[in-house]
Every structure is written in structure tokens, then in C-alpha cells.
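Enquirer: One structure, pasted below without further comment.
Laboratory data are not the source of any read-out in this text; all were calculated from the coordinates shown. All of these numbers come straight from a predicted model, not from anything done at the bench. Cβ sites come from the backbone with ideal geometry, for glycine too, and all protein chains shown count toward neighbours.
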């Protein structure tokens with residue numbers, strides 16, 4: 001655990017999907033001992049804040065706070081905030097109305113605005129923050145090492161979808177965002193030739209999806225609490241490239257350094273019910289991140305096409321896979 005969990009706050013974002021909320025909250029409370037958490041929640045379809053706080057309080061099995069506070073961000077976005085208390089743990093729930101779907105650029109601008117408000121809102125006693133997505137579970141061998149670090153690079157693993165949920169075992173691709181990379185022509189049309197060649201030259205992994213995190217609170221307000229890539233930070237990313245033929249050794253490296261478990265695609269049901277509903281385009285869509293990002297992709301309206309995409313590029317990883325059940329206790333049903 002961290003030396004002082006009250007100095008730290010986890011900051012994250014939700015949008016009409018809270019399937020990982022209990023596991024996410026339990027993980028950062030139990031593994032790190034963090035006692036403060038701020039979550040920004042986008043509410044669609046006119047859902048009221050009252051129902052949200054009742055839902056989240058029920059998940060934590062605590063009483064629903066009676067009063068709320070209303071704030072306004074510098075971007076003139078109205079936030080309704082509730083404080084949910086569970087013993088020495090405080091969860092601040094800040095909700096705002098939003099559209100069901102949106103572009104990557106729009107979401108980025110939203111997060112910048114919310115983070116700046118969060119830096120203003122958090123009590124002074126909080127001097128360290130972890131700004132992570134709601135499907136990111138960061139693991140280090142010894143959490144107390146974060147107390148003395150300015151930053152740390154985490155190699156990201158992507159979960160290979162489980163046949164059932166809750167899962168009986170957890171499998172992760174050593175390549176973060178593996179399904180995005182598998183959708184590219186090099187792998188889509190030459191997969192059995194391309195991968196062995198890249199392995200042989202020690203270039204089997206790309207680390208653009210890995211992240212470097214900065215822990216000083218001041219980074220929250222300036223949107224510099226993390227960035228993609230680990231080139232200039234302490235990390236194990238590049239050691240893994242040389243041991244792709246030994247996945248078990250790669251797992252040992254990750255367990256003794258730092259890794260980010262990315263549970264972006266937990267199972268096929270989640271893909272069909274949540275991904276298709278809340279996103280304009282899938283990660284496998286090569287137009288994602290372009291000007292066309294604001295338009296809905298073909299898979300979003302065609303269920304058969306979506307299932308075909310899942311079976312071809314998401315269901316299995318052509319990159320090396322490890323079994324790692326470290327998160328399994330947090331993912332079981334209550």
C-alpha cells in the first residue's frame with residue numbers, strides 16, 4: 001500500500017457504463033490503500049443525478065448522500081457533485097449532461113475542462129493523483145515506490161475477451177490495443193508472414209498505447225497527468241520485445257516492474273451492447289481519430305458486420321498471450 005492513502009486521489013471518467021466500477025474502486029482501495037476518488041460521469045437520455053448517486057451508493061453498500069452541490073467549470077459546463085462516504089473512503093461523484101456518442105476530439109476537450117475544475121475542487125491535503133480511465137488497472141510490484149517517484153511508465157496489456165463474465169481466468173495480449181493493430185493491412189492480409197518477421201527482428205510490440213503517468217497534483221490542472229508512450233520514462237516496455245518467444249518470462253518481468261491491465265473489451269456481450277452504443281467508431285476502424293471520427297462507423301449500425309469484426313480481429317490475439325489472474329478476485333460478482 002501507499003504510505004498515506006489520504007494524500008492520493010484517483011481521478012477517472014464514466015459514461016453510462018459502470019460494469020467495472022465495483023472492481024475498479026475495490027482495486028485502488030485495497031491494493032494501493034487510496035482513500036479519495038473523483039469520478040466524472042456523463043449522463044445521457046436525461047438521466048438525473050439522483051438516480052446515479054443512488055446506484056453508485058448501492059454498489060458501495062453505503063447510504064445515499066442527502067445533499068448535492070452545483071458547480072460550473074471554466075468552460076461553463078454545469079456539474080452536480082455528491083460526496084459518498086464509506087468509512088475513511090470518500091468518493092466524489094460529479095455528473096454532467098452529455099450526448100450518447102461523441103468524437104475523440106470532443107471527449108479530449110471535455111476531459112481537459114473537467115480536469116482543470118478537479119484541480120480546483122480537490123482538498124489541499126491531496127498532493128498526488130492517479131488520472132486513469134475507468135478500464136485501466138495499474139499494477140506495480142511495491143505501491144510505496146510511487147510515493148517517491150515523479151513519473152513512471154507502464155506497459156499496457158489488453159485483455160483478450162472472456163467467453164463468460166465474470167471470467168474464470170484472465171488472458172492478456174502482450175501487445176496493447178492488439179485488435180487495433182490486427183485490423184491494419186499488414187496483419188489483416190499477411191498475419192502469418194508479418195508477425196514471425198517482426199518477432200525475429202525484435203520489433204514485435206509497439207508501445208504507442210502504453211502510458212507514462214505523472215503523480216504530482218499540479219499535473220491534473222494542466223492536463224499533463226499522463227501521456228501515451230514510455231520512451232523517456234522508467235519502464236519495462238522495451239525489455240519485452242526481446243523475450244516475445246518466452247511469454248512466461250514476459251509475465252515475470254511485468255510482475256516485477258509496472259504494467260497497466262486494460263480491460264477495454266471484457267467479453268462479446270459487452271462489445272455488442274456497450275461499445276456499439278456509446279462509441280461512434282471501434283478501435284479497429286482505421287478512420288478513428290480522423291475528421292471522419294464524428295460520423296458513425298459501419299459496424300455501429302450493422303450487427304452482423306460488428307460480430308464479424310469481433311470474431312476476426314478482437315476475439316483472439318495473434319500476438320503472444322499470457323494468463324494473469326491477479327485481478328480475478330476484484331472481478332467476481334458481489
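Enquirer: How big is region 153-331 on each of its three principal axes, counting only the C-alpha atoms and giving the largest first in Å?
Expert: Rounded to whole Å, the extents work out to 44, 43, 35 Å.
Enquirer: Give the Rg (one decimal place) followed by the Dmax (whole number) of region 88-157, computed from C-alpha coordinates and expressed in Å.
Expert: 15.0, 40
Enquirer: Okay, next question. Give the Rg (one decimal place) followed by the Dmax (whole number) of the chain, computed from C-alpha coordinates and expressed in Å.
Expert: Rg then Dmax for the chain, in Å: 19.8, 61.
Enquirer: Based only on other Cβ atoms within 10 Å, what is the fewest-to-most ordering of 63, 173?
Expert: Fewest-to-most ranking of 63, 173: 63, 173.
Enquirer: With axes computed from alpha carbons, what is the tilt in degrees of helix 21-30 against the longest principal axis of the chain, rounded to the nearest 10 within 0 to 90?
Expert: Roughly 80 degrees, rounded to the nearest 10.
Enquirer: Go through 237-244, 221-228, 72-79 and give me the packing order, highest mean Cβ count within 10 Å leading.
Expert: The most tightly packed comes first, giving 237-244, 221-228, 72-79.
Enquirer: Hey, what number do you get for the chain at 222 nm if only DSSP H runs of n ≥ 4 count, each worth -39500 (n - 2.57), divided across all residues, to the nearest 500?
Expert: Mean residue ellipticity at 222 nm (helix-derived): -7000 deg cm²/dmol.
Enquirer: Just the Cα atoms of region 39-162: what Rg and Dmax do they give in Å?
Expert: 16.4, 44
Enquirer: Right, here's the next one. In percent, what relative contact order does the chain have, based on Cα pairs under 8 Å that are 6 or more apart in sequence?
Expert: It comes to 21 percent, rounded to a whole number.
Enquirer: Report the label-to-label distance for residue 47 and residue 246 in nanometres (one decimal), using points 7 Å from each Cα along the Cα→Cβ vector.
Expert: Calculated label separation equals 4.7 nm.
Enquirer: How far is helix 191-200 tilted off the main Cα axis of the chain, in degrees rounded to 10, range 0 to 90?
Expert: With both axes taken from Cα atoms, the answer is about 90 degrees.
Enquirer: A further question on this structure: As I understand it, the value is the acute angle between the Cα axis of helix 49-60 and the longest principal axis of the Cα atoms of the chain; what does it come to in degrees, rounded to 10?
Expert: It works out to around 70 degrees.
Enquirer: Neighbouring Cβ atoms within 10 Å as the yardstick, rank 127, 25 fewest first.
Expert: With the sparsest Cβ surroundings first, the list reads 127, 25.
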